[in-house]
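Novice: Sending over a structure as structure tokens; questions will come in a sec.
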Amino acid sequence: MADHHIVLVGGGHTHVQVLTAFRDRPEPGARLTLVTDRRLTPYSGMLPGHIAGHYRREAMHIDLEALARRCGAGFRLAAATGIDRDGRAVRLADGGSLAFDTLSLDVGITPDLTGIDGADRHALAVKPIGGLLDQLDARLAGEGKPNRILMVGGGPAGIEIALALRTRLAAREPRPWIGIAAGEALAPGLNAGMRRRIRAALARRGVTVLEPCRIASVDADGATASDGRRIAAELVIVSTAARAPNWLASTGLRRAEDGSVLTADTLATLSDPAIFAVGDCAAIDGQRREKAGVFAVRQGPPLVENLRRRVRGAALRPYRAQTRYLAILSTGDGGAVAGRGRWLALEGRWVWLWKDWLDRSFMGRFDASD
């Protein structure tokens, strides 16, 4: 094809790798355009470190417009609102549209607070990260600074943010109470050695774990658990359920129960071979995995390969997401806990330094400064 237009919708962890890969080795006959509703995209792996004060805000964000320019790709600052699959065009919120030969979706997820009454009015959602940071900074710096903070969700994100907040507020007197409402259990997806080390870190740092504790409602004065327990809090942060953006429902693409676009193992959608979907907004049919940044990062190379193959008219290659992966949780005090699979669990300052090196190395690949 003389001019195969690849449109990347969303500047997530996978698409930024596509941009740099096509910069480093251009594909003959292909041109790229990135469509996104924001110029800056955050790297979720550095969010706890930023909250704790280890990273400046700029250090955890990629400048998508500058990156696209340096990679020789087009850039369109607009939110996608739909797909004209017959006409092969993406509909945009500014009233325009953009034609494509191949489309890839990496638009992340949005919070699903419908299961917690009042959370949409009285709580902060962890996703999208940009919205969380703006609101969190305002709440922590403004009048009426919270003395009781409740994190709803006992997964890795909730644990890391609670520990990061403990570091950020270490100098405040009186010392704020920070608690985690852990649903049925704390970090059930991690192995026993990691969970044991994480519990010890939480206890050492004075973060209260409430479990089982499933939050049913949130109001201006705190939260109420499903068993009727009342938890007073001036600030409630929710890190639980999320869904793919609502506009994907209008595309006619097959989706999972959480709204994620279903794809084959080639990362092409089950409904349309010209449309790919990756990251948190997608789910590989028959390969159920949790929503974690590690999967979006790992999808970069296989997506690049299959986009090249589509341009060439070659058969796509299958990809299988790993079932065991390295997880590293920072404890906010200069240490971290790491683990993989059922048995491996490590802890120490050197683990934090390792994580810091990994995160900075990843972000260094997308430095678009002149």
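The values are calculated or read from the model by the stated rules, or taken from the named source; none is laboratory data. Every value quoted in this text rests on a predicted model; they were computed, and no experiment measured them. Reconstructed Cβ throughout: ideal geometry from the backbone, glycine too, with neighbour counts over all protein chains shown. In case anyone asks, the SASA skips ligands and DNA or RNA and just uses the protein heavy atoms, side chains included. Shrake-Rupley method; radii C 1.70, N 1.55, O 1.52, S 1.80 Å.
Novice: For the range 1-85, give me every one of the strands (runs of 3 or more DSSP E) that falls completely inside it and has 1 or more residues that are in contact with a Phe, Trp or Tyr (Cβ under 6 Å, 6 or more places away or on another chain).
Specialist: Counting at least 1 such residues, we get 4-9, 30-36, 61-63, 80-84.
Novice: Right, something else. Answer yes if at least one residue in the range 40-53 is closer than 27 Å to Ala99 by Cβ, touching a residue at least 40 places away in the same chain (Cβ under 8 Å), surrounded by 16 or more Cβ atoms within 10 Å (Cβ to Cβ) and among the polar types (S, T, N, Q), and no otherwise.
Specialist: Within the range 40-53 (the criterion being closer than 27 Å to Ala99 by Cβ, touching a residue at least 40 places away in the same chain (Cβ under 8 Å), surrounded by 16 or more Cβ atoms within 10 Å (Cβ to Cβ) and among the polar types (S, T, N, Q)), the answer is no, since none of the residues qualifies.
Novice: Counting only residues that are surrounded by 17 or more Cβ atoms within 10 Å (Cβ to Cβ), touching a helix residue (DSSP H, G or I) at 6+ places or on another chain (Cβ under 9 Å) and not charged (D, E, K, R), give me the strands (runs of 3 or more DSSP E) lying completely in the range 165-252 with at least 3 of them.
Specialist: 177-181, 235-238
Novice: Which one is least open to solvent (accessible area, probe 1.4 Å), of the residues in the range 340-354 that are within 21 Å of the chain's Cα centre (by Cα) and at pLDDT 95 or above?
Specialist: Among those that are within 21 Å of the chain's Cα centre (by Cα) and at pLDDT 95 or above, it is Trp352.
Novice: Another question, then. Any residue that is under 20 Å from Arg204 (Cβ atoms), assigned to a helix (DSSP H, G or I), open to solvent by less than 10 Å² (accessible area, probe 1.4 Å) and not aromatic (Phe, Trp, Tyr) - is there at least one of those in the range 142-160?
Specialist: The answer is yes, given that some residue of the range 142-160 is under 20 Å from Arg204 (Cβ atoms), assigned to a helix (DSSP H, G or I), open to solvent by less than 10 Å² (accessible area, probe 1.4 Å) and not aromatic (Phe, Trp, Tyr).
Novice: Now, a different point. Go through the range 104-128 residue by residue and tally those that are part of a helix (DSSP H, G or I) and surrounded by 18 or more Cβ atoms within 10 Å (Cβ to Cβ).
Specialist: Going through the range 104-128 one residue at a time, the tally reaches 2.
Novice: Oh, and also: Return the residue satisfying two criteria in turn: it lies in the range 83-103 and is under 15 Å from Asp37 (Cβ atoms) and charged (D, E, K, R), and of such residues it is most open to solvent (accessible area, probe 1.4 Å).
Specialist: Arg91
Novice: Considering only the range 253-264, how many residues are in contact with a helix residue (DSSP H, G or I) (Cβ under 9 Å, 6 or more places away or on another chain) and open to solvent by 60 Å² or more (accessible area, probe 1.4 Å)?
Specialist: 1
Novice: While we're looking at this one, here's another question. For the range 321-341, give me each residue that is touching a strand residue (DSSP E or B) at 6+ places or on another chain (Cβ under 8 Å) and outside any strand (DSSP E or B).
Specialist: Selection gives Ala321, Arg324, Tyr325, Leu326, Thr331, Gly335.
Novice: Against the conditions (1) closer than 30 Å to Ile83 by Cα; (2) of a type outside the set (Lys, Arg); (3) at pLDDT 95 or above, where does Ile215 fall short? Just the number, please.
Specialist: With respect to (1) closer than 30 Å to Ile83 by Cα; (2) of a type outside the set (Lys, Arg); (3) at pLDDT 95 or above, Ile215 is out only on (1).
Novice: May I pose another question? Yes or no: the range 56-73 includes at least one residue that is small (Gly, Ala, Ser), at pLDDT below 95, under 24 Å from Leu133 (Cα atoms) and open to solvent by less than 20 Å² (accessible area, probe 1.4 Å).
Specialist: There is no residue in the range 56-73 that is small (Gly, Ala, Ser), at pLDDT below 95, under 24 Å from Leu133 (Cα atoms) and open to solvent by less than 20 Å² (accessible area, probe 1.4 Å).
Novice: What residue, of Arg230, Arg243, Arg288, is under 30 Å from Arg139 (Cβ atoms) and over 16 Å from the mean Cα position of the chain (by Cα)?
Specialist: Going through Arg230, Arg243, Arg288 in turn, just one is under 30 Å from Arg139 (Cβ atoms) and over 16 Å from the mean Cα position of the chain (by Cα): Arg230.
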